1. From zero outward in steps of 10 Å, how is the percent of C-alpha pairs of region 84-137 spread across the bins?
2. Return the long-range amide H neighbours of GLN216 (sequence gap of 5 or more, or a different chain), with a cut-off of under 5 Å between placed amide H atoms.
3. In the structure displayed, which of LYS20/LYS115; LYS6/LYS115; LYS6/LYS75 lie more than 24 Å apart, Cα to Cα?
4. Quick check for you: with a 1.4 Å probe and neighbouring chains kept, what is the accessible area per residue of region 1-150, in Å²?
5. Any idea of HIS34's accessible area? Nearest 10 Å², probe 1.4 Å.
6. In whole angstrom, and with the biggest value first, how far do the Cα coordinates of region 1-134 range along each principal axis?
7. Would you rank GLU61, GLU187 by solvent-accessible area, highest first, keeping every protein chain in place and using a 1.4 Å probe?
8. Round to a whole number: what % of the accessible area of region 1-87 belongs to carbon and sulfur, probe 1.4 Å?
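The values are calculated or read from the model by the stated rules, or taken from the named source; none is laboratory data. Quantities reported herein were computed from a predicted structural model and do not represent experimental measurements. Side chains are part of the model used for accessible areas, which takes the heavy atoms of the whole protein and leaves out ligands, DNA and RNA. Shrake-Rupley method; radii C 1.70, N 1.55, O 1.52, S 1.80 Å.
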Amino acid sequence: RRVALKEIHPDRADDERYQKRFLQESLITARLEHPGILPIYSSGANSDDQPFYTMRLVTGENAKTLAQAIQELHKQGLETHASSLLYRQLLRRVIDVCNTISYAHSQGVCHRDLKPANILIGPFSETLVVDWGLAKNYHDALTLTKSEVVQLGSLGNNDEIDGNSKGAPSSRTQSDGVGTRGFVAPESYRRESIIDWPRLDVYSLGAILYCVLTGQSTGSDSTHA
């Protein structure tokens, strides 16, 4: 079958921080089983010992990101019948994303980079949340088994993901200031510890809804691209 192959950009391939994030993304995504999350088919290391994984390929004439759909909506103008229909469809997409993220939170995972560009609309009207590279496993520290390290390539002596010491609770660690401005919660850029991780995604969901309504990200005067 045809699949989507994901690898680290060559410019970042030797950076241990990006290797850890990439490995974390593959592990978290593989453990989340939901219709709104792309399934991972396989993972491994290529001939250059760089990690990769394959997942369902989303392609077709009607496939696009939510960001592209929002642009189409606001180019047409909300006064036309076609735009009105598209507007209601996009609101339905936002509800689908909310349900997907609710599932992720039930599994102790916070996405941390929700935005229209990270939401795919499939050729058969699927709504898919992608790019879990900044996701936070906040119930417990996510550690790697020996087989996972061998399979995806050793990351050195520190096999821990998210920078938590093994066995340590991760619910109060700092956010590291990740996410995309205009969609990320303000507390992500503060030095205070994060206690309620799901709240970060809830803020981003509100920012996505704002973008659907206005065609702009929060605090922006230009149309979101």
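1. 23, 53, 21, 3
2. When sequence neighbours closer than 5 places are left aside, the close amide H contacts are HIS224.
3. As for pairs spanning more than 24 Å Cα to Cα, those are LYS6/LYS75.
4. The answer is 52 Å² per residue.
5. 50
6. Rounded to whole Å, the extents work out to 54, 31, 28 Å.
7. Ranking GLU61, GLU187 by accessible area, largest first, yields GLU61, GLU187.
8. 46
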